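First up is the structure itself, then whatever we jot down about it.
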Amino acid sequence: MRRLLPGGIASAVAAVVFAVALSGTAFAYFTTTGSGLTVVEVSKISPSSISTATPAVGGTVALTWTAVTAPGSGAVTYAVTRNGGQPKGTCAGQLSLTTCTDANLDPGTYSYVVTAKWRSWTAGSAVKTAQVTVGVADHLTLAAASLTPTAGASDNLTIAAKDAGGNTVTTYAEAHNLTFTGASSSPNATAPTVVNSAGAAIAFGSATAINFTAGVATVTSS
């Protein structure tokens, strides 16, 4: 003798079978509502949207994107890719915030995607591009006021921080330790020197603190 199920329970069971039959990727779980059952189906989460990708001098791009609301318990995390690979700076790894800054970029155009993840579900944003015109400091250039200075006289030097493309990196600032070489001591054994940021004469071959402003430093050598 077959026992019939009450109408409410039979409807709930039928709904479960129907939900599973619709999609093998659907996620279904039960929540109790009084004496009945409710089936909640989640087949995808909404993607985020990159609102800004702002490049800056020094090879950085600041990104912000919209938050994604989790459709159930648990937090949504985000992963940023740059040109399909891993970014640097604060954009590396799994993020819980909706902002980060990519770093150490040479001049060029970069494409970003933010992928939201909740449990085993992911959703990628549309591509957002940013063009870096001045990259990270790659080398220093040195110019002298005179290329044929008088023996024993001082000479003014201009040092500039440049990116890989030869652009001045104006964000290169504050004191940096540089070592000067290439000049020999005088016949009376006086060593060539460079005046550091504190006004002290430092012999060639020793670390010399040089203060940069907007990517440029001016010092005196003798």
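The values are calculated or read from the model by the stated rules, or taken from the named source; none is laboratory data. The structure displayed is predicted, hence computed values, not measured ones. Cβ atoms come from the backbone with ideal geometry, glycine included; neighbour counts cover every protein chain shown. We work out accessible area using only protein heavy atoms, side chains counted, and drop any ligands, DNA or RNA first. Shrake-Rupley method; radii C 1.70, N 1.55, O 1.52, S 1.80 Å.
Within segment 115-127, residues that are more than 17 Å from CYS100 (Cα to Cα) and assigned to a strand (DSSP E or B) have Cβ atoms under 6 Å from residues that are open to solvent by less than 90 Å² (accessible area, probe 1.4 Å) and hydrophobic (A, V, I, L, M, F, W, C) in these pairs: TRP118/ILE45; TRP118/ALA70; TRP118/VAL76; TRP121/ILE45; ALA123/ILE45; ALA123/ALA116, counting only partners at least 6 apart in sequence or on another chain.
ALA143 meets each of the listed conditions (1) of a type in the set (A, V, I, L, M, F, W, C); (2) surrounded by 12 or more Cβ atoms within 10 Å (Cβ to Cβ); (3) not in a loop (DSSP other than H, G, I, E, B) apart from (2). Against the conditions (1) within 13 Å of the chain's Cα centre (by Cα); (2) open to solvent by 80 Å² or more (accessible area, probe 1.4 Å), CYS100 satisfies every one except (2). Residues that are part of a loop (DSSP other than H, G, I, E, B), surrounded by 18 or more Cβ atoms within 10 Å (Cβ to Cβ) and in contact (Cβ under 8 Å) with a residue 60 or more places away in the chain within segment 169-222 comprise VAL169, TYR172, GLY215, listed in sequence order. Being in a loop (DSSP other than H, G, I, E, B), at pLDDT below 90 and aliphatic (A, V, I, L, M) is a description that applies to ALA153.
One residue alone among VAL136, VAL113 is closer than 26 Å to THR54 by Cβ, open to solvent by 40 Å² or more (accessible area, probe 1.4 Å), touching a Gly at 6+ places or on another chain (Cβ under 6 Å) and not polar (S, T, N, Q), and that residue is VAL136.
Summed over segment 156-166, residues that are part of a loop (DSSP other than H, G, I, E, B) and surrounded by fewer than 17 Cβ atoms within 10 Å (Cβ to Cβ) total 3. Applying the condition of being surrounded by 12 or more Cβ atoms within 10 Å (Cβ to Cβ) and either of a type in the set (Val, Ile, Thr) or out of contact with any strand residue (DSSP E or B) (no Cβ under 7 Å at 6 or more places or on another chain) (or both) to segment 73-92 and asking which residue is farthest from ALA126 (Cα to Cα) yields THR90.
In the condition set (1) assigned to a loop (DSSP other than H, G, I, E, B); (2) touching a strand residue (DSSP E or B) at 6+ places or on another chain (Cβ under 9 Å); (3) at pLDDT below 95, VAL68 is compliant with all but (3). Across segment 45-69, the qualifying residues are those that are open to solvent by 30 Å² or more (accessible area, probe 1.4 Å), more than 30 Å from VAL169 (Cα to Cα) and in contact (Cβ under 8 Å) with a residue 40 or more places away in the chain, and the one among them that is nearest to the chain's Cα centre (by Cα) is SER49.
With respect to the stated conditions, LEU105 is of a type outside the set (Asp, Glu) and touching a residue at least 40 places away in the same chain (Cβ under 8 Å). Scanning segment 116-129 for residues that are open to solvent by 40 Å² or more (accessible area, probe 1.4 Å), among the polar types (S, T, N, Q) and either within 18 Å of the chain's Cα centre (by Cα) or on the phi > 0 side of the Ramachandran plot (or both) gives a single hit, THR129.
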